[in-house]
1. Which of the residues that make up the range 31-54 are farther than 29 Å from residue 138 by Cβ and surrounded by 17 or more Cβ atoms within 10 Å (Cβ to Cβ)?
2. Looking only at the range 61-81, how many residues end up being farther than 25 Å from residue 112 by Cα and in a helix (DSSP H, G or I)?
3. Looking at the range 29-76, which of its residues are over 15 Å from residue 19 (Cβ atoms) and among the small types (Gly, Ala, Ser)?
4. What are the residues in the range 82-94 that are assigned to a helix (DSSP H, G or I) and without any contact (Cβ under 8 Å) to a residue 24 or more places away in the chain, if any?
5. Mind counting the residues in the range 1-38 that are assigned to a loop (DSSP other than H, G, I, E, B), more than 17 Å from the chain's Cα centre (by Cα) and not hydroxyl-bearing (Ser, Thr, Tyr)?
6. Just one of (1) assigned to a helix (DSSP H, G or I); (2) at pLDDT 95 or above trips up residue 161, so point out which.
7. Could you check the range 133-147 and list, in sequence order, the residues that are buried (at least 22 other Cβ atoms within 10 Å of the Cβ) and within 14 Å of residue 123 (Cα to Cα)?
8. Looking at residue 71 and the list (1) touching a residue at least 24 places away in the same chain (Cβ under 8 Å); (2) within 15 Å of residue 103 (Cα to Cα), which single condition is not satisfied?
Amino acid sequence: MSKRSYELARRLELGALALEAFASSLTEFEWQSRVPGDGRKIGVVVHHVASVYPVEIGLAQTVAKGEAVEGLTMDVINKMNADHAKKFDGVTKEETIELLKQNSAAAAVAIRLLTDQELDQAVPVSLYANAILTCQFILEDHAVRHSYHHLGRIRSALQERTLAKLTA
């Protein structure tokens with residue numbers, strides 16, 4: 001195992017653990033609250049993070065094999081996210097946390113299997129206007145950062161809601 005793949009996997013695990021701990025502490029009211037500017041329920045967003053680890057790892061593995069990523073656009077991602085939000089509108093905290101644990105663990109295992117050569121592999125990626133990007137960049141910009149990104153947005157949403165109540 002390469003030191004780089006180990007560290008990438010560890011950062012993913014730490015982010016997933018932080019999201020899991022925070023999500024576990026949410027009340028049912030908070031779980032059902034919507035993220036401003038996003039519109040999805042907090043629980044749906046946590047489930048989204050958990051459910052897309054396999055997709056994000058698959059994307060990185062495609063790049064690691066030296067295959068260009070074609071047809072992936074923000075429109076495709078937005079549709080996938082909207083479909084997910086509809087399908088999992090009533091998702092429970094328990095099933096979401098279990099999925100987060102399973103999929104983040106599997107993602108970490110997959111990352112640890114990548115060699116430095118695979119992490120350095122670079123191909124055109126349609127999501128970035130066919131910029132030539134490395135597997136490591138794809139991992140860092142998606143699977144590794146995803147839980148941190150949404151955890152930050154969820155925390156901000158709940159803090160804003162609390163401040164609004166205090167100032168009302």
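The values are calculated or read from the model by the stated rules, or taken from the named source; none is laboratory data. Note that the structure is predicted; figures quoted are calculated from it, not measured. We place every Cβ from the backbone using ideal geometry, glycine too, and count neighbours over all the protein chains shown.
1. Initial filter on the range 31-54 (farther than 29 Å from residue 138 by Cβ): 31-34.
Once the filter is applied, which keeps residues that are farther than 29 Å from residue 138 by Cβ and surrounded by 17 or more Cβ atoms within 10 Å (Cβ to Cβ), the range 31-54 yields 31, 33.
2. Of the residues in the range 61-81, 8 are farther than 25 Å from residue 112 by Cα and in a helix (DSSP H, G or I).
3. 33, 37, 39, 58, 60, 64, 66, 68, 71
4. So the first thing to find is which residues in the range 82-94 are assigned to a helix (DSSP H, G or I), and the list is 82-87, 93-94.
Answer for the range 82-94, where residues must be assigned to a helix (DSSP H, G or I) and without any contact (Cβ under 8 Å) to a residue 24 or more places away in the chain: 82, 83, 86, 87, 94.
5. Kept after step one, since they are assigned to a loop (DSSP other than H, G, I, E, B), are these residues of the range 1-38: 1-2, 26-27, 33, 35-38.
Checking the rest, the ones that are also more than 17 Å from the chain's Cα centre (by Cα) come to 1-2, 26-27, 33, 36-37.
Cutting the leftovers down to not hydroxyl-bearing (Ser, Thr, Tyr) gives us 1, 26, 36-37.
The qualifying residues number 4.
6. Tallying (1) assigned to a helix (DSSP H, G or I); (2) at pLDDT 95 or above, residue 161 fails exactly one: (2).
7. Pass one, the range 133-147, residues buried (at least 22 other Cβ atoms within 10 Å of the Cβ): 135-136, 138-139, 143-144, 146-147.
135, 136, 138, 139 - these are the residues of the range 133-147 that are buried (at least 22 other Cβ atoms within 10 Å of the Cβ) and within 14 Å of residue 123 (Cα to Cα).
8. It is condition (2) that residue 71 fails.
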